[in-house]
Amino acid sequence: MGIYRETGFDPSKLNKEIFGFVGNRIQKVIMWEAFYLLQQGVIDVENLDRIIRNSLGLRYAAVGPLEANRLGGGPEGARKLIKGIAGGWDKTMPAGVPDMSRLDEILDEIDATFGTDAASFQQRSEARDEKMRGFLDVIAKVEPASKP
């Protein structure tokens with residue numbers, strides 16, 4: 001792990017091996033819910049991305065989901081948030097399951113919203129990378145240089 005830190009990375013250690021990267025597994029759950037909401041007509045592609053970018057995206061760039069819950073619970077911590085609000089989510093907000101046979105409709109909307117040409121890919125990729133470098137620069141300024 002030391003070599004990764006020396007090259008500027010912030011590696012994580014798994015307690016046991018699983019199939020797939022942890023981040024990709026979390027991303028899958030978010031994408032499934034997004035597909036479900038799109039298929040239900042709750043929101044469109046552009047506004048869904050805007051909501052994630054301006055809420056979870058910013059929050060998770062600053063702290064992970066578990067620390068966000070700890071902070072969301074105030075001084076009493078995550079337990080207050082989970083028991084007070086999130087504890088009933090399985091009933092009030094059950095996880096959506098998208099119809100995987102209807103993904104082409106969503107993919108068509110994604111293409112129409114963000115483009116499929118090389119120029120838009122280049123422009124959007126560069127903008128994303130610049131934002132990510134900016135996030136990392138800010139994080140480096142506010143976090144201690146050494147990690148355990």
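Observations, loosely collected:
- Element breakdown for the chain at a 1.4 angstrom probe: carbon and sulfur atoms account for 60% of the accessible area.
- The number of Lys pairs in the chain with C-alpha atoms less than 26 Å apart, excluding pairs fewer than 8 positions apart on the same chain, is 12.
- Taken about its Cα centre, the chain carries a charge dipole of about 1020 debye when Lys and Arg each add +1 at the Cβ and Asp and Glu each add -1 at the Cβ.
- Excluding ligands, DNA and RNA, the accessible surface per residue across segment 46-107 is 74 Å² with a 1.4 Å probe.
- Value in Å of the Kirkwood radius, where the chain supplies the Cα pairs that are averaged: 18.6
- Once exposed loop trypsin sites (Lys or Arg not before Pro) are cut out (DSSP; at most 15 other Cβ, 10 Å), longest piece of the chain: 17-148
- Theoretical ellipticity at 222 nm over the chain - DSSP helices of four or more residues, -39500 (n - 2.57) apiece, nearest 500: -19500 deg cm²/dmol
- Choice from Val63, Val45, Val22 showing the highest fluctuation, given a GNM over the chain with Cα pairs closer than 10 Å: Val22
- When the chain is treated as a Gaussian network with alpha carbon springs shorter than 10 Å, the biggest mean-square fluctuation among Pro65, Pro98, Pro75 belongs to Pro75.
The values are calculated or read from the model by the stated rules, or taken from the named source; none is laboratory data. A quick note: this is a predicted structure, and the numbers were derived from the prediction, not measured. Positions of Cβ are backbone-derived with ideal geometry, glycine not excepted, and every protein chain shown enters the neighbour counts. Surface accessibility is based on the protein's heavy atoms, side chains included, excluding ligands, DNA and RNA. Shrake-Rupley method; radii C 1.70, N 1.55, O 1.52, S 1.80 Å.
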